[in-house]
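S.K.: Below is a structure I'd like to ask you about.
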Amino acid sequence: MANSRRQQAQADMGMNFEREDRQRETALAKEQERQAEKEAKRDALMSTTSYRIMDKTAKYMDKYFLDPIIGLIPGGVGDVLSSFLAIPFIYFALVQVKSIPLTLAVICNVLKDALLGSIPFFIGDIIDVFNRSYVANLRLITGYVNDDKEVIHEVNRKATWSAIFIVILCVLIYFIVKWAIELGDWIVSLF
């Protein structure tokens, strides 16, 4: 009896704890459902062929130094060829994850690697040994898919600058490759 009077008094004062408890339980159930859907999506993305290709590409290109070896092909051709191996990273970021900022970050890393690798006289190839763009891209994509707050913040913070940097890198790559071709032609003309 005292309990029902207390409930009536609380209801009169706008203190309906049962309704609040039900709302809290409903919200908790929705959050758990959202987390389960998020984990299922993450697992589905991580088990795709594209992700496995990216993982193997990063392993061979950066950990086994295939990137600097391919970069030994003269005239910047090797660096352009090795950049084509980044297509799965760009595809995954753009089509699978559907994130423009992540795609810009991945493209920016690829172009930076191509620019650094195309520096002539084996300097670019030496830099390529230390510049592990494929591993960096895999880290960004994996962190983004796993909802790593630091990675997401880093990608979103750099999105605009990445777009600007991509344009600048394209222009620089053009001039360095042009310079390397002219230098090669000049060396050939000496002989």
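S.K.: Using Cα centres only, tell me the gap between the stretch 40-78 and the stretch 89-133 in whole Å.
M.R.: Cα centroid to Cα centroid, the span is 11 Å.
S.K.: Can you sort THR48, THR160, THR26 by 1.4 Å-probe accessible area, starting with the largest?
M.R.: Reading off the accessible areas and sorting them downward yields THR160, THR26, THR48.
S.K.: Lys and Arg at +1, Asp and Glu at -1: add these up for the other residues within a Cβ distance under 14 Å of VAL135 and post the number.
M.R.: +1
S.K.: So which lysines pass the test for LYS98, namely a Cα distance under 29 Å, with those fewer than 8 places away in the same chain ruled out?
M.R.: Cross-link targets: LYS30, LYS38, LYS41, LYS56, LYS59, LYS63, LYS112, LYS149, LYS158.
S.K.: Taking R0 as 41 Å, what FRET efficiency do you get between GLN96 and GLN8 from their Cβ-Cβ distance, rounded to the nearest 0.05?
M.R.: Calculated value: 0.15.
S.K.: Moving on. Starting from the residue with the highest accessible area, list VAL97, VAL188 in decreasing order, probe 1.4 Å.
M.R.: VAL188, VAL97
S.K.: Using Cα extents along the principal axes in Å as the read-out, say which of (i) 67, 31, 29; (ii) 40, 37, 28; (iii) 108, 30, 24 was calculated from these coordinates.
M.R.: Of the labelled values, this structure produces (iii).
S.K.: Using θ = phi - 60° and the Karplus form 6.51 cos²θ - 1.76 cosθ + 1.60, what ³J(HN,Hα) does each residue of the stretch 165-180 get, whole Hz, x for Gly and Pro?
M.R.: Couplings: 5, 4, 5, 4, 5, 4, 5, 5, 4, 4, 5, 5, 5, 4, 5, 5 Hz.
S.K.: Here's another thing I want to ask about it. Can you compute the radius of gyration and Dmax for the stretch 99-191, using only the Cα atoms, both in Å?
M.R.: Radius of gyration, then largest Cα-Cα span, for the stretch 99-191: 16.3, 57 Å.
S.K.: Each residue of the stretch 119-134 in order: what ³J(HN,Hα) in whole Hz does its phi give by Karplus 6.51 cos²θ - 1.76 cosθ + 1.60, θ = phi - 60°, with x for Gly and Pro?
M.R.: The phi angles translate into 5, x, 6, 6, 5, x, 5, 5, 4, 4, 4, 9, 8, 9, 5, 5 Hz.
S.K.: Where does each of 55-62, 138-145 land if you order them by average Cβ count within 10 Å, highest first?
M.R.: 138-145, 55-62
S.K.: Next question, about the same structure. Treating cross-link reach as a plain straight distance, find the aspartates and glutamates whose alpha-carbon is under 16 Å from the alpha-carbon of LYS178, omitting any fewer than eight places away in the same chain.
M.R.: Answer for LYS178, where 16 Å is the Cα cut-off: ASP79, listed by chain and number.
S.K.: Still on this structure: How large is ³J(HN,Hα), in whole Hz, for each residue of the stretch 143-151 in order, when computed from phi with the Karplus curve 6.51 cos²θ - 1.76 cosθ + 1.60 and θ = phi - 60°, using x for Gly and Pro?
M.R.: Values per residue, Gly and Pro as x: x, 5, 5, 7, 6, 6, 4, 5, 5 Hz.
S.K.: Just the number, please: carbon plus sulfur as a percent of the accessible area of the stretch 28-91, 1.4 Å probe, no ligands or DNA/RNA counted.
M.R.: Details: 2610 of 3990 Å².
Carbon and sulfur: 65 percent of the exposed surface of the stretch 28-91.
S.K.: What number comes out for accessible area per residue over the chain if the probe is 1.4 Å? Units Å², please.
M.R.: Heavy-atom accessible area per residue stands at 64 Å².
S.K.: Using only the heavy atoms of the protein chains and a 1.4 Å probe, how would TRP161, TRP186 rank by accessible area, largest first?
M.R.: TRP161, TRP186
The values are calculated or read from the model by the stated rules, or taken from the named source; none is laboratory data. Since the model is a prediction, treat every value here as computed from it, not as a measurement. Cβ sites come from the backbone with ideal geometry, for glycine too, and all protein chains shown count toward neighbours. Quick note on the areas: whole protein, heavy atoms, side chains included, nothing else; ligands and nucleic acids left out. Shrake-Rupley method; radii C 1.70, N 1.55, O 1.52, S 1.80 Å.
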